[in-house]
Amino acid sequence: MSENAVRTVSESEESDDEPTREVESNAEESGTRQRSADSVESADTDDSTEPRTGASAVVNALESAGVETLFGVQGGAIMPVYDALGKSELRHVTMAHEQAAAHAADAYGIVAGTPGVCLATSGPGATNLVTGLADADMDSDPVVALTGQVPTTFVGNDAFQETDTTGVTAPVTKANYFAGETDTVGDTVGEAFALASEGRPGPTLVDLPKDVTLAETDVQESTSETPKHYNPQEEPDADAVAEAARTLEAADRPLILAGGGVIKGDASPELRAFATEHDIPVATSMPAVGAFPEDHEQSVGMVGMHGTGPANMAVTHCDTLLAVGCRFDDRLTGGVDSFAPEATVVHIDIDPAEISKNVYAEVPVVGDAGTALSAIGAEMESPPDANQWREQVADWQDEYPMTYHAPEDGPVKPQFVVEAFDAATADDTIVTTGVGQHQMWAVQFWTFTEPRTWVSSHGLGTMGYGLPAAIGARMAAEDDQQIVCFEGDGSFLMTVQELSVAVRENMDITVAVLNNRYIGMVRQWQDAFFDGNRVASEYDWCPDFGTLAEAFGARGFTVDDPDEVADTVEAALAYDGPSVVDFHIDPGENVYPMVASGGANGKFALSEEQL
């Protein structure tokens, strides 16, 4: 599978020769999918059944789809849905801001493997979801958004809190719907839920006019099915499988590049079986971290701008690249012309639009990630004869370890903080992050061995993602799983209000703020590429986050000395509830390795002087 959602899917039935990716956005054409024959029969034959409202149909559709938890913010136009929600067994987590509701739903979907659900009212409630939906769209995360809307008679009249929600969100959703009919609103919500996770996952949205959710309907059941015209190819073509197998058998320097689609498709077991059986080194993109155990001898780590030396060297010098569920974004490839320049590319993806979009694939394989890997493995008669290559990769692993300089009398190093948390927690601990230097230190210095334990914003790079993601992850995780959130001072300030949610719900999460009093990644780029002109990147006015946490009702800690790190980590993890540790880290620390934007992965820099 791939990491970026299919664009849009029409809600109405279309002929085979008509386009099927157009979002419906008006009341006359949308929300009119026919209910199932069973529902029709039930409504026509059971006169004793009491009518239900459109809002109760929405809630019933969620219950029928297996939803247990929702994240949202109340408001006028969505109030009928909340009224019905209050009469159900579904658990609703009231967030402090709608953007955070979308991020929490996103993280819930990543951890649980089923769509997370968020709700917002019309107008500003709906537009506040947009960043979270765009984030989920870029990363192919399954999310269902339900938004209130003004009554259908007011639509288009600039009514109070009216926004063209389907128009605004069309570019950042896999599909969206204007639910214009009470009789079909349940089916529409069910379809949106099914579509969010089928094929290539992504966010969907249903806009719910208030008169539609208030009105009554005789329809008692809702369906949860994808549109008939939506039929992603899961079984790969036999000829493509055979060509991929022959290509890999003949390779002298093979490399597997796992993308986020491996995790979306639950294909980690197939990836591990294929790689170990054929003894091929494995690199990952950042969204795929955890898809293959990083402590395995065949793991070379993450490829890309801040990837490991062994991974970037391997992708630069391989002669055959098996890419699985990878969209080849620019942070992964660097300059496309210099990416895997000697390799024949075999690309597995469930979305044919991704194949050869950025990097040309000589051997395209359209299909489900796990299914395709199993098929290719079964077709291969022997592993590639690549002993010399394996030795070379091992040499790179010895030559380019992930290290950092930490003088005994120096300040707290962020890498040391990450390592301390990793050492103090179990292998299945879930790590969430915001975006910035702290995100890169977290992914570089934590050893991920299991899928769905790394939760971050990749394609969109949304600062502030970490805390609401930790809330969503907490709701999806097992009770005994630990949740650790790494944030930067600038990123944390963008969604710090969600601490109120964690405290109110008594959520056991631990937030580590790697506080260097900068927008650190911006400062690093300003120093490297803008002659050190640090405009609007210095945050010397930051609050004491430990004290701020206590004001919210969480447990707060502040650390200035490296000798305090280990004990404070243990204390924060032991606290039964939300805790925040303000680590005052070395303000001059930078993230390396680093590939300059558009540069060649094999020419990564280990210091600013090498950029």
- Query: Restricting the search to the stretch 389-418, which residues are surrounded by fewer than 20 Cβ atoms within 10 Å (Cβ to Cβ) and among the charged types (D, E, K, R)?
  - Reply: ARG390, GLU391, ASP395, ASP398, GLU399, GLU408, ASP409
- Pairs, please: C-beta under 6 Å, at least 6 apart or cross-chain, first residue touching a residue at least 12 places away in the same chain (Cβ under 8 Å) and in the stretch 468-490, second among the basic types (Lys, Arg) and part of a helix (DSSP H, G or I)? ILE483/ARG474
- Task: Search the stretch 199-249 for residues being touching a residue at least 12 places away in the same chain (Cβ under 8 Å) and basic (Lys, Arg), and hand back the single one that is surrounded by the fewest Cβ atoms within 10 Å (Cβ to Cβ).
- Result: LYS228
- Message: Return the residues of the stretch 405-425 that are more than 27 Å from the chain's Cα centre (by Cα) and either touching a residue at least 12 places away in the same chain (Cβ under 8 Å) or farther than 30 Å from ASP567 by Cβ (or both); say none if nothing qualifies.
- Response: ALA406, GLY410, PRO411, VAL412, LYS413
- Does the stretch 321-344 contain any residue that is touching a strand residue (DSSP E or B) at 6+ places or on another chain (Cβ under 6 Å) and surrounded by fewer than 24 Cβ atoms within 10 Å (Cβ to Cβ)? yes
- Task: Those residues that are in contact with a helix residue (DSSP H, G or I) (Cβ under 7 Å, 6 or more places away or on another chain) and either in a helix (DSSP H, G or I) or on the phi > 0 side of the Ramachandran plot (or both), I need them from the stretch 596-609; list them, please.
- Result: ASN601, GLY602, GLU608
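Listed here are the residues, each with its yes/no results for (1) under 20 Å from SER122 (Cα atoms); (2) more than 24 Å from the chain's Cα centre (by Cα); (3) not in a helix (DSSP H, G or I).
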residue	(1), (2), (3)
THR152	yes, yes, yes
GLY167	yes, no, no
ALA192	yes, no, no
ASP207	yes, no, yes
PRO232	no, no, yes
- Task: Could you pull out the residue among ARG246, ARG253 that is out of contact with any Cys (no Cβ under 8 Å at 6 or more places or on another chain) and closer than 22 Å to ASP385 by Cβ?
- Result: ARG246
- Note on the structure: Over the stretch 378-417, the set of residues more than 28 Å from GLY309 (Cα to Cα) and in the same structural domain as VAL324 (by TED's automatic domain parsing) is ALA378, GLU379, MET380, GLU381, SER382
- May I ask you to list pairs of residues, at least six apart or on different chains, whose Cβ atoms are under 7 Å apart, with the first in the stretch 165-177 being assigned by TED's automatic domain parsing to the domain that holds VAL189 and the second being of a type in the set (Phe, Trp, Tyr)? THR166/PHE178
- Message: Quick check on the stretch 230-249. Is at least one of its residues touching a strand residue (DSSP E or B) at 6+ places or on another chain (Cβ under 6 Å) and acidic (Asp, Glu)?
- Response: yes
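The rows are residues; the columns are (1) more than 30 Å from ALA596 (Cβ to Cβ); (2) among the acidic types (Asp, Glu); (3) in a strand (DSSP E or B).
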| site | (1), (2), (3) |
| --- | --- |
| ASP266 | yes, yes, no |
| ALA273 | yes, no, no |
| THR276 | yes, no, no |
| PHE292 | no, no, no |
| GLY304 | no, no, no |
- Item | Count of residues meeting criterion [not β-branched (Val, Ile, Thr) and not in a loop (DSSP other than H, G, I, E, B)] in the stretch 371-390 | 11
- Item | Subset of the stretch 135-162 (residues that are within 30 Å of VAL67 (Cα to Cα) and of a type in the set (D, E, K, R)) | ASP135, ASP137, ASP139, ASP141, GLU162
- Within the stretch 364-388, considering residues that are in contact with a strand residue (DSSP E or B) (Cβ under 7 Å, 6 or more places away or on another chain) and crowded, with 22+ Cβ neighbours inside 10 Å, the one nearest to GLY265 (Cα to Cα): ALA369
- Query: Among the candidates ALA134, ALA192, which residue alone is modelled with pLDDT of 95 or more and touching a Phe, Trp or Tyr at 6+ places or on another chain (Cβ under 7 Å)?
  - Reply: ALA192
- Looking only at the stretch 343-386, count how many residues are touching a residue at least 40 places away in the same chain (Cβ under 8 Å) and over 11 Å from ALA244 (Cβ atoms). 19
- Note on the structure: Per the list (1) surrounded by fewer than 24 Cβ atoms within 10 Å (Cβ to Cβ); (2) without any contact (Cβ under 8 Å) to a residue 60 or more places away in the chain; (3) not hydroxyl-bearing (Ser, Thr, Tyr), residue check on HIS278 breaks on (2)
- Got a sec? Which of THR333, THR320, THR371 is more than 22 Å from HIS458 (Cβ to Cβ) and under 23 Å from the mean Cα position of the chain (by Cα)? THR371
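The values are calculated or read from the model by the stated rules, or taken from the named source; none is laboratory data. What you see is a predicted model, and the numbers here were worked out from it, not measured in a lab. Please note: Cβ atoms are built from the backbone with ideal geometry, for glycine as well, and neighbour counts cover all protein chains shown.
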